[in-house]
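S.K.: Provided herewith is a single structure, encoded as structure tokens, for subsequent inquiry.
Taken together, the values in this text are just the output of simple stated rules run on the coordinates, not laboratory data. For clarity, every value in this text was computed on a predicted model and none was experimentally measured. Counting neighbours? That spans all protein chains shown, and the Cβs are built from the backbone with ideal geometry, glycine included.
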């Protein structure tokens, strides 16, 4: 991370011991606060990690008990925000807050409303074991899942849109109806339905009499942020321009506090000027990504809003998108001289792209906003694959948390619910 209140670059290491040492070296006056906040994060991340295995966590009773004992920080910080916790640890030192949480963009764009527990689990996981990338890109995972499905006797139907969720007289799912681009209604039967669509989209597929009851639990939950994403093909290895890290958070000069992240998305409401939003830059050639090159892919991501791209005709939309892509290249060139001259291709997606491509309300990419729970800890976080319709489950960020890992974990949790809902066959 570099820029903004942080100033010169700071590398957040892998491993809690090394992270603690690096933060104390950079901010020696905050030794106590650094130790306390990292200790809380480690206990939360490891404790919840063990307990996420469910009953299997207690196959080793000592490990299960140890996990429970680590959850004191969860109880004390249950309704807290990231801003509140970092304020207790670091006071008014905004540079220290950015050193630990510069990548807040991976979950939210407002530390005042980002749930501290979710951040502790996610960022604690990064610190504990680093990040992981699927070699060759995400499509390889999709292909592997498709092969597993077909090997198990399943059928994969593509280029179809589900239009109805079919229920029996008792209100239980019996299948779905789907159509191709040219029509042609067909049905697929099943006792359990799993959807990765937003709850608002799921509700529209249900019979009219069921929609209000289905939507009620989700009605007051705010949606997550959206994102813009630019991918640039670079003729030379980005390391030649000084881009050595896999992931870099570039904080603009106008940022004075971590809270200023919440102003980033609004910048894209206008045509680009001197100010750029905070951005995450990913250099895939810094790791053994399997993506090859040249051209070498570099991805740039920042917070966005669907409103930034609405009420534009096609020509105005394309012009604005093109000018923002050029502004990002120019901004990267100021940080990494020579970058602009090496760009040979680019693709720029906006919140509008995400909304139309994923049918995501308001272009939300992380499901519901990761805000702190309003209820006591015994009520849980309120995020679950379960829905008001029995045997109809969510398997997306809406059922858990946002981001790549959050979506996959939500799908795994949904799978366990599905297995529990189906009767066990006798062999």
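S.K.: Quickly estimate the mean residue ellipticity at 222 nm for the chain, helices only: each DSSP H run with n ≥ 4 gives -39500 (n - 2.57), and the total goes over all residues, rounded to 500.
M.R.: Calculated from helices alone, the mean residue ellipticity at 222 nm is -11500 deg cm²/dmol.
S.K.: While we're on this one: Ratio of the stretch 155-200's C-alpha Rg to 2.2 N^0.38 Å, to two decimals?
M.R.: Here the answer is 1.18, to two decimals.
S.K.: Please identify, among 253, 84, 179, the residue showing maximal mean-square fluctuation in a Gaussian network model of the chain using a 10 angstrom Cα cutoff.
M.R.: In this elastic network of the chain, the residue with the biggest mean-square fluctuation among 253, 84, 179 is 179.
S.K.: Most mobile of 109, 304, 288 per a Gaussian network model of the chain (Cα springs, under 10 Å)?
M.R.: Maximum fluctuation in the GNM of the chain, among the listed residues, is at 288.
S.K.: Still on this structure: Can you list, bin by bin at 20 Å, the percent of alpha carbon pairs in the chain, starting at 0?
M.R.: 23, 56, 21, 0
S.K.: Counting other beta carbons within 10 Å of each residue's own, what order do 248, 163, 374 fall into, fewest first?
M.R.: Ranking 248, 163, 374 by Cβ neighbours within 10 Å, fewest first, gives 374, 163, 248.
S.K.: On to the next question. Using the beta-carbon distance between residue 18 and residue 169 and R0 = 60 Å, what value does 1/(1 + (r/R0)^6) give for FRET efficiency, to the nearest 0.05?
M.R.: Calculated value: 0.50.
S.K.: Also, I was wondering about something else. In nm, to one decimal, how far is the residue 235 label point from the residue 87 one, both placed 7 Å along Cα→Cβ?
M.R.: Once both label points are built, they end up 5.1 nm from each other.
S.K.: Further, regarding this structure: Would you calculate the volume per residue, in Å³, of the smallest convex hull containing every Cα atom of the stretch 159-273?
M.R.: 247 Å³
S.K.: Please quote Rg/Rh for the stretch 116-220 to two decimal places, taking the Kirkwood radius as Rh and restricting both calculations to Cα atoms.
M.R.: With Rh from the inverse mean 1/r over Cα pairs, Rg/Rh is 1.08.
S.K.: What is the extension gain from residue 244 to residue 177, computed as 0.36 nm multiplied by their sequence separation minus the C-alpha to C-alpha distance, in nm to one decimal?
M.R.: Result: 19.2 nm gained on full extension.
S.K.: Rank the residues 108, 178 as a footprinting-exposure proxy: fewest other Cβ atoms within 10 Å of their Cβ go first.
M.R.: Fewest to most other Cβ atoms nearby, the residues stand as 178, 108.
S.K.: Give me P(r) over the stretch 246-349, computed from all C-alpha to C-alpha distances, binned every 10 Å, as integer percentages.
M.R.: 13, 44, 33, 11, 0
S.K.: Taking the simple approach of a point 7 Å from Cα along Cα-to-Cβ for both residue 211 and residue 315, what is their distance in nm?
M.R.: Here the modelled spin labels are 3.8 nm apart.
S.K.: P(r) tail for the stretch 356-426, what percent of Cα pairs lie past 17 Å?
M.R.: Result: 52 percent of Cα pairs exceed 17 Å.
S.K.: I've got another one for you. Extending each Cα 7 Å along its Cβ direction at residue 25 and residue 323, get the distance between those two points in nm, one decimal.
M.R.: 4.4 nm
S.K.: If you bin every alpha carbon distance in the stretch 273-427 into 5 Å steps from zero, what whole percent lands in each bin?
M.R.: Here the calculated profile for the stretch 273-427 is 2, 7, 12, 14, 15, 14, 12, 9, 7, 5, 3, 1, 1, 0.
S.K.: Kindly state, to the nearest 0.05, the FRET efficiency for residue 36 paired with residue 404, given R0 = 35 Å and r defined as their beta-carbon distance.
M.R.: 0.75
S.K.: State, in angstrom, two size descriptors of the stretch 254-313 derived from its alpha carbons: Rg to one decimal place and Dmax to the nearest whole number.
M.R.: Cα-based Rg and Dmax for the stretch 254-313 come out at 15.2, 42 Å.
S.K.: If r is the Cβ-Cβ distance from residue 381 to residue 186 and R0 is 45 Å, what FRET efficiency results, to the nearest 0.05?
M.R.: Working: r = 37 Å, r/R0 = 0.83.
With a Förster radius of 45 Å, E is 0.75.
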